[in-house]
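Single-structure report; data block below.
The values are calculated or read from the model by the stated rules, or taken from the named source; none is laboratory data. All figures in this text were calculated on a predicted structure; none of them were measured in a lab. Using ideal geometry, Cβ is built from the backbone for each residue, glycine included, and neighbour counts are taken over all protein chains shown. Just so you know, the surface numbers come from the protein's heavy atoms only, side chains and all, with ligands and any DNA or RNA stripped out. Shrake-Rupley method; radii C 1.70, N 1.55, O 1.52, S 1.80 Å.
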Amino acid sequence: MSEITLETLSYEAVAQRIDHSLLRPELTPAEVLAGCELADRYRVASVCVRPCDVELAARALRGSSVRVGTVVGFPHGSHATATKVFEARLAMEQGAVELDMVLNIGRLRGGQAEYVLEDIRAVVEAARAGGALVKVILENAYLTDEQKVLGSQLSERAGADFVKTSTGFAPSGATLEDLRLMRQTVSPHVQVKAAGGVRTLDALLDVLRVGVTRVGTTATAAILDDFQARQAGLV
């Protein structure tokens with residue numbers, strides 16, 4: 001286990017592990033803008049917004065270090081591959097540089113590995129052409145351990161940059177057991193993102209210790225405020 005403690009981490013090291021999530025269906029444009037402002041103020045890695053909000057977020061964060069991300073095939077992964085590719089290309093045209101795509105969960109559970117591979121590969125190839133990175137969401141709540149391993153392996157074969165646990169809209173999210181399994185399954189150059197249920201600083205530290213390099217959360221302010229308060233107490 002990595003030596004990751006409050007003493008060994010800087011604020012920037014923690015903030016740059018966070019994708020501030022703005023995916024809830026009821027969010028208004030004003031709330032999305034407020035979320036972008038929060039992400040900029042806390043200097044996190046990225047915002048992950050709904051596809052309809054990419055242009056809005058890109059305008060709001062122009063000149064900021066915060067990257068704009070969005071979702072593809074969200075939340076069920078059952079879009080046709082051509083639809084996912086179109087969605088990816090449109091998002092990049094509108095300013096997205098990170099794409100969190102949901103693999104085809106039903107096809108993975110049905111043993112159709114080649115379909116899943118080509119579905120991911122098509123989005124990855126579109127992303128490469130547009131200069132974006134790809135995080136593949138497995139949605140582990142619906143998968144066996146064997147399917148989680150296979151989904152991670154297929155994502156790597158397809159050229160994905162990250163494997164990711166969850167959309168945040170399934171019955172359960174990231175678990176330490178799943179994160180360890182995914183980290184052990186893929187090569188070191190493929191990163192692991194935890195999403196779904198990481199709402200406290202302690203939870204974030206726990207996932208970092210098992211090799212996670214990015215965390216999707218709505219609790220950005222609470223986590224980073226807690227980090228700053230606890231760091232101040234160490235001085």
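Diffusion coefficient of the chain by Stokes-Einstein, Kirkwood radius over Cα pairs, 37 °C, 0.692 mPa s: 186 µm²/s. Within straight cross-link reach of Lys193, meaning Cα distance under 20 Å, which lysines are found once same-chain residues fewer than 8 apart are removed? By straight Cα distance, Lys193 reaches Lys135, Lys148, Lys164.
Ala80 sits among other residues whose Cβ lies under 11 Å from its own Cβ, and their net charge, with Lys and Arg +1 and Asp and Glu -1, is -1. Heavy-atom accessible surface of Arg59, to the nearest 10 Å², is about 130 Å², with a 1.4 Å probe and all protein chains retained. With a cut-off of 10 Å between beta carbons, the residues surrounding Thr70 carry a summed charge of -3, where Lys and Arg count +1 and Asp and Glu -1. Going through the DSSP H helices of the chain, which span 24 Å or more along their own axis at the Cα atoms while scoring at least 0.0 as a mean Kyte-Doolittle hydropathy? Sorted by number, the helices that extend far enough and score high enough are 113-130. The local environment of Ile4, defined by Cβ-Cβ distances under 13 Å, has a net charge of -2 under the rule Lys, Arg +1 and Asp, Glu -1. Considering the chain as a Gaussian network with a 10 Å cut-off on Cα pairs, which listed residue, Gln112, Gln191, Gln94, attains the greatest mean-square fluctuation? In the Gaussian network model the winner is Gln112. For the range 183-235, rounded, prolate or oblate, judged on the Cα gyration tensor with a ≥ b ≥ c (square roots of eigenvalues), a/c < 1.5 rounded, else prolate if a/b > b/c? Judged from the Cα gyration tensor, the range 183-235 comes out prolate (a/c at least 1.5, a/b above b/c).
Counting only protein heavy atoms and using a 1.4 Å probe, what share of the accessible area of the chain belongs to carbon plus sulfur, as a whole percent? Its accessible area is 52 percent carbon and sulfur atoms.
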